[in-house]
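Notes to accompany the following structure.
We did not get these values from a lab; they are worked out from the coordinates using the rules stated. Because the structure is a prediction, the values reported are computed rather than measured. Cβ placement follows ideal geometry from the backbone for every residue including glycine, while neighbour counts extend to all protein chains displayed.
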Amino acid sequence: MRFSICIAAHNEAHLLSRTFHAVRTSLLATSLSSPAFPGDTNSERANPGDALCEIIVVDDASTDGSIAAALANFPNSAELPLRVERFETRQGASPAKHRAAELARGGVLVFLDAHVLPEPGALERLVAGVEASQGRDLLTPALPALDESTFTVIPGRTGLGYGLDLADLSCRWLPLSNLQLDEETRLYHQPALIGCVLAVSRETYFALGGFDTGMKVWGVEDIDFGLKAWSLGYGLKLDVLSRVAHRFQRAFDHYEVPAPHVLHNKLRLAAKHFSPHHLQRWLARNTPLTLEQLLAPAPDLPGEPLLTPSPGLPGEGRGEGVFLPSPASTDHLPPLWRAALDLFHEHLASLQAERTLVQSRRLRDELDYAHTFQLDWPGHESNPPQLMALAMTLPTSEATGSEPSPWPSPEPSPEPSPEPSPAPCQCAVSGISAPETCFVGDEDDITITGTCLDGLSINIPGGEFIPLSSEKNAAGHIVAIKLRVQWITPGEHTLSATCGQSSATTTVKVYKVQIFANSQDVTGGSVATVVGRPIALECRVTPKMEFTNEWVIPGIYVKKYSILYKPTGEQDRFGRLYTSVNTSGVVETFQEKNETCLPAIRLYWIKPLFRGEISVMVTIAGRSKSASAKPEISAPIVNIVPQTTTDVPPVFVDENVLKFGKISKGITVSALCATGSDGAGEFRFLQRVTFDRTVTRRQEFATQIRDSTERTRTTERVLDRKDEIQDAWHFQNRSLHLNNIDAGGITMTDSPEITTLRTAISASVADETFDLRLMYRPDGEDSIWVSLKTITWGWSAMASGVPAFSLAIIGNPVIKSINVEDSVDLPIWSMRALDVPLERSTVTTSR
């Protein structure tokens, strides 16, 4: 892979999404294929199908949801892969950047802040510059100021060279006139690096030890890295033809930077790079600390003392030498400095390793730096007017006669100064044409018209835009500009276009459409649940506004399913020896179309579903927008093992009964069930039946014979249940409960029969069919029973015999094949088999 974009992010709000979009747009504009820099001959470019670039993001314990929001809108692809790693606790910019470098696979590392806007080809140009130097140069681009609200460049404010003042470690922007141009590469030498946009060879980065992970939260980690690179002989270069706009903060508005952390970082930088003599002078000039206080714990550390001579540089006259501190009291330090000093001592061991790397390998020291860049520094006291770093030093305590003051609270990197204002533009903006109603995620075309728009400035809050076309008049002046805007932020936004003293505005309302499932935002994500558990879908529009909507919901679902099983306590009206039961299975479905046109809808899926989309179409003021989510409706895994009787013959008859299965049960059904991570619930069998049963009994008297026939039949399925217990509708009272990620079995048996008694002369069971269901209800309030498996079976048989009590099977009984399938519906019924009305008839003949 050619290069990796490394981003460290902490609470970047909407800016991270915009940065992702801007980086992708910049890379796609050049298709990662055309040479962007003199001498760029990288062979990887010959194959545009390869992923030449990747984006690595290290989330430094963000709490504002910015990472998830950015990922939701970023089209991760093989051409531009994106990887994210998260720190669970805040580590700081330096550790986050270093971790991104460790994860990166590219030959060149491009470090970006999470709030930048690169021009097309800008990043590739930096990469090509690093490659052309064979890794000897570290490159930064020109840095125009970026307007956070519009994500557009602020005209007239561009940072170019970056300078460092060793006296107080302050940084300033430098004009090109103060920088030396390399005629061969057309790059400018600069004294320091600013880390918001930085390109460095991967090999060089790790040869330098990377960003110092001992730096806390924020501050000078980029200055330290640049000084380390310069000391070891690498070049710090500026490419003014590469432009990447950067949001410069006037204050830290989205995270806290503790002042002791910044002070600690500056102390660490000074102790790493300065000789004992210069470090002592620097401390006296800028801090209330002494060298003894700073290095008090050093003698207890293993290995060499912290401050030792540099092997490659002569020590005499350069302030070098071994320093062995004596104990020093820190009791009277200001609290701010005491906190910074405690941090310094806590991380002294890692500093020792960093200093060893710098001091043992450096080719140039701080005195060389001061001489090269004309800084006021002990041993190089000149301060000519053309100072490259525009040094502004603090007076020493000796000069003021007072203790040095602590540095002020940390401030962000300075914003570039404004450039001279151009001559007034003779422009006139007529108006802005834009739709009044827009939606987040949609793209709309906006047209700006006027008599002359050559110097037009555009402000489109709430969206990102790209120019589409422009129209010029006969004089060559632009009179119309068409833009394509992708809306990002909901709300009412005022769009403005300004040219000289002329301006025009218009207002658009941008709405965000979301789908919530059980109060959780699932827009663009998934609705995960199990069959039988209620899902409350809701369509929300932000900002609030009256709207119409229509849902499209895939799969098989119902509004409600209820089972009633309640004994009445009333004796059977036909004189049978049991009381009746009021029972039913009732399904409520969505019958009317207007039921799916409400903002909120509550339903139950009754079958698993992993395809299709749940979508809602919202219409506001004649414009429509849809939102969608993918269903992930799971169900327990079930394996049904059925078996019929092994008796031969399977049906037998005697003077009292005609029965299916005598020794072994007529049918045995075993269900092996397994639940998933959210599938805890109860399993039961439910059985319905259709039947036609007839029994004729004979009574013989002295003068007559009386044949009495009783028939019970139903053409609709009724519940096959005997017990008269509240809610005991399940067959044979069999029940199984499983926890999440659990497994178990449940079994039912049945041997249907018809009672004949000794007086019967005939009995028949005609096409009796059973509909057996394995039912499941997930744990949770308001869950319903659903049918997982349907097992159908049945039998038919006839028996006859005269005189009475001599019944025999007539013909061959029929045992239907057992059929097992996934259920596609819910069982409904309105009565129990035992409560089916009894039909009676009597025939009397004389003897």
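Quick look at the numbers
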{"read-out": "Calculated FRET efficiency for the pair Arg86/Thr372, C-beta based, R₀ 51 Å, to 0.05", "value": "0.80"}
{"read-out": "Rounded tilt (10° steps) of 335-346 against the dominant C-alpha axis of the chain", "value": "80"}
{"read-out": "Cα gyration tensor shape for the stretch 428-510, rounded if a/c is under 1.5, else prolate or oblate", "value": "prolate"}
{"read-out": "Ascending count of other beta-carbon atoms within 10 Å, so fewest first, for Asp445, Asp779, Asp137", "value": "Asp445, Asp779, Asp137"}
{"read-out": "Amide H within-cut-off set for Ala13, under 5 Å, with H built and near neighbours excluded", "value": "Ser66"}
{"read-out": "Partner aspartates and glutamates for Lys509 [C-alpha distance under 17 Å; skip if fewer than 8 residues away on the same chain]", "value": "Glu436, Asp442, Glu443, Asp444, Asp445, Glu464, Glu492, Glu546"}
{"read-out": "HN-Hα J in Hz across the stretch 215-226 - Karplus 6.51, -1.76, 1.60, θ = phi - 60°, x for Gly and Pro", "value": "6, 9, 6, 7, x, 6, 5, 6, 4, 4, 5, x"}
{"read-out": "Nitroxide proxy distance, nm - points 7 Å out along Cα→Cβ at Val586 and Ile741", "value": "4.1"}
{"read-out": "Lys/Arg +1, Asp/Glu -1 at C-beta; the chain dipole; positive extreme among Tyr561, Ile705, Asn73", "value": "Ile705"}
{"read-out": "Spatial separation of Cα centroids for the stretch 618-694 and the stretch 84-135, in angstrom", "value": "58"}
{"read-out": "Sequence-distant aspartates and glutamates (8 or more away, or on other chains) whose Cα lies within less than 19 Å of Lys722", "value": "Glu570, Asp572, Asp692, Asp750, Glu753, Glu768, Asp771, Asp835"}
{"read-out": "Percent RCO, i.e. relative contact order, over the stretch 428-510, from Cα pairs under 8 Å lying at least 6 residues apart", "value": "39"}
{"read-out": "Share, in percent, of DSSP beta bridges within the chain that are antiparallel, nearest 5", "value": "85"}
{"read-out": "Sum of side-chain charges, Val508 neighbourhood, beta-carbon under 10 Å (Lys, Arg +1; Asp, Glu -1)", "value": "-2"}
{"read-out": "Electrostatic dipole magnitude of the chain [Cβ: Lys, Arg +1; Asp, Glu -1; Cα centre; debye, to 20]", "value": "3160"}
{"read-out": "Distance (nanometres) between label positions extended 7 Å along Cα→Cβ at Thr63 and Arg602", "value": "3.5"}
{"read-out": "Over 20 Å between alpha carbons, listed pairs Lys216/Lys237; Lys607/Lys630; Lys607/Lys816; Lys566/Lys607", "value": "Lys216/Lys237; Lys607/Lys816; Lys566/Lys607"}
{"read-out": "Residue-span extension gain [Phe610 to Asp723] - 0.36 nm each, minus C-alpha spacing", "value": "36.7 nm"}
{"read-out": "Residues in the stretch 534-559 reached by a label modelled at Glu492 [backbone nitrogen below 19 Å; 7 Å Cα→Cβ]", "value": "541-547"}
{"read-out": "Table column - 3J(HN,Hα) (Hz), the stretch 189-204, Karplus curve with 6.51, -1.76, 1.60, x for Gly and Pro", "value": "6, 9, x, 9, 10, 9, x, 5, 9, 8, 10, 8, 4, 4, 4, 5"}
{"read-out": "The chain: relative contact order in percent, alpha carbon pairs under 8 Å with at least 6 residues between", "value": "8"}
{"read-out": "Dipole magnitude (debye, nearest 20) for the stretch 428-510, charges at Cβ of Lys, Arg, Asp, Glu", "value": "200"}
{"read-out": "For Gly431, distant residues with modelled amide H under 5 Å away", "value": "Thr449"}
{"read-out": "Amide H contacts under 5 Å for Gly500, placed H, 5+ residues apart", "value": "Cys425"}
{"read-out": "Residues Ser708, Ser231 arranged by fewest to most Cβ contacts within 10 Å", "value": "Ser708, Ser231"}
{"read-out": "Selection from Gly491, Ser433, Ala475 lying farthest towards where the dipole of the stretch 428-510 points positive, charges on Cβ", "value": "Ala475"}
{"read-out": "Calculated from backbone phi, Karplus (6.51, -1.76, 1.60) coupling profile of the stretch 19-26 in Hz, x at Gly/Pro", "value": "5, 3, 4, 5, 5, 4, 4, 4"}
{"read-out": "Approximate spin-label separation Thr447-Met545, in nm, with each point projected 7 Å along Cα-to-Cβ", "value": "2.3"}
{"read-out": "The stretch 793-843 and the stretch 567-603: distance between their alpha carbon centers, rounded to Å", "value": "26"}
{"read-out": "Using a Förster distance of 35 Å, the FRET efficiency for Val824-Arg706 (Cβ separation, nearest 0.05)", "value": "0.10"}
{"read-out": "Theoretical gain in end-to-end length, Asp168 to Arg758 [0.36 nm per residue, Cα-Cα removed]", "value": "200.9 nm"}
{"read-out": "Additional length obtainable on full extension of the chain from Gln699 to Asp454, 0.36 nm per residue less Cα span", "value": "76.7 nm"}
{"read-out": "Cα gyration tensor shape of the chain, rounded if a/c is under 1.5, else prolate or oblate by comparing a/b with b/c", "value": "prolate"}
{"read-out": "Mean residue ellipticity (222 nm) of the chain, computed from DSSP H runs ≥ 4 via -39,500 (n - 2.57), nearest 500", "value": "-4500 deg cm²/dmol"}
{"read-out": "Residues Ala353 and Glu436, FRET efficiency given R0 of 60 Å [Cβ-Cβ distance, rounded to 0.05]", "value": "0.45"}
{"read-out": "Helix 259-273 vs. the chain, principal-axis angle (Cα, 0 to 90°, nearest 10)", "value": "60"}
